[in-house]
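The values are calculated or read from the model by the stated rules, or taken from the named source; none is laboratory data. What you see is a predicted model; the values in this text were computed from it and never measured. For neighbour counting, all protein chains shown are included, and Cβ atoms are generated from backbone atoms with ideal geometry for every residue, glycine included. SASA here: full protein model, heavy atoms, side chains in, ligands and nucleic acids out. Shrake-Rupley method; radii C 1.70, N 1.55, O 1.52, S 1.80 Å.
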Amino acid sequence: MAYSKTLLVLFTMLFLAPSILATDPDPLQDFCVADLDGKAISVNGHPCKPMSKAGDDFLFSSKLAMAGNTSTPNGSAVTELDVAEWPGTNTLGVSMNRVDFAPGGTNPPHIHPRATEIGIVMKGELLVGIIGSLDSGNKLYSKVLRAGETFLIPRGLMHFQFNVGKTEASMVVSFNSQNPGIVFVPLTVFGSNPPIPTAVLTKALRVDAGVVELLKSKFTGGF
């Protein structure tokens, strides 16, 4: 009887083997340079460009070498280096950003829904804040960081940076996703398309409709 059960298990494994081996969690090639114009079906990422057409510089980028223009309403500029800007990161689960700040500039409260973030302050003084979930009592963890100091933000937690110094500041961050995504809290709440009904926001925020309409007017054009 035991021998028969063993044979049954072996036959079942052999039967299922094609479906089990149809996918692999690990890379199956050295590089998969994203074909951003490709017409192939994209399930979770971009199709690979033929290596003969990928060139020889897909492993290198100088985009983060230049500071961004901080003449914005937030006094900051984000230079992204995700798969759309650096196709060589396709399928590798990594990307980077550079953020530059004018004095008093901020990277407003936001969330990366698909990635954990680790960053280093390159110059200046930045107040870095991370807000825990309801499980932690919405606790704010914050610290002023200076050049060379680092911070860590778990996936999905709201966070922000604010230049508390008198000079320009900058930081570089890395993500464990080729497309970490971003949800800017003020823009999402007050600048969604179509707008969140004012009645919902007055109840949720416990303010008058006039306050909600004023805040909506600040974000109708985005950031």
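With respect to the stated conditions, THR167 is exposed (fewer than 14 other Cβ atoms within 10 Å of the Cβ) and either modelled with pLDDT under 95 or under 30 Å from GLY68 (Cα atoms) (or both).
Residues are listed down the side, and each one gets a yes or a no for (1) at pLDDT 85 or above; (2) farther than 26 Å from VAL183 by Cα; (3) open to solvent by 30 Å² or more (accessible area, probe 1.4 Å); (4) more than 17 Å from the chain's Cα centre (by Cα):
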position	(1), (2), (3), (4)
PRO25	no, yes, yes, yes
PHE31	no, yes, yes, yes
LYS53	no, yes, yes, yes
ASP56	no, yes, yes, yes
SER61	yes, no, yes, yes
SER71	yes, no, yes, yes
GLU80	yes, no, yes, no
TRP86	yes, no, yes, no
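Listed conditions (1) open to solvent by less than 20 Å² (accessible area, probe 1.4 Å); (2) in a strand (DSSP E or B) are all met by PRO180, apart from (2). Of the residues making up segment 100-144, those that are under 16 Å from LEU157 (Cα atoms) and of a type in the set (Ser, Thr, Tyr) are THR116, SER133, SER136, TYR141, SER142. When LEU187, LEU215, LEU157, LEU205 are checked against the criterion of being touching a Pro at 6+ places or on another chain (Cβ under 9 Å), more than 22 Å from ASP100 (Cβ to Cβ) and open to solvent by 30 Å² or more (accessible area, probe 1.4 Å), a single residue qualifies: LEU215. Output yes when any residue across segment 113-131 is under 20 Å from GLU85 (Cβ atoms), crowded, with 18+ Cβ neighbours inside 10 Å and over 17 Å from the mean Cα position of the chain (by Cα), and no when none is. No: zero hits. Only one entry in LEU214, LEU140, LEU126 is within 19 Å of PRO108 (Cβ to Cβ) and either at pLDDT below 95 or touching a Phe, Trp or Tyr at 6+ places or on another chain (Cβ under 8 Å) (or both), namely LEU126.
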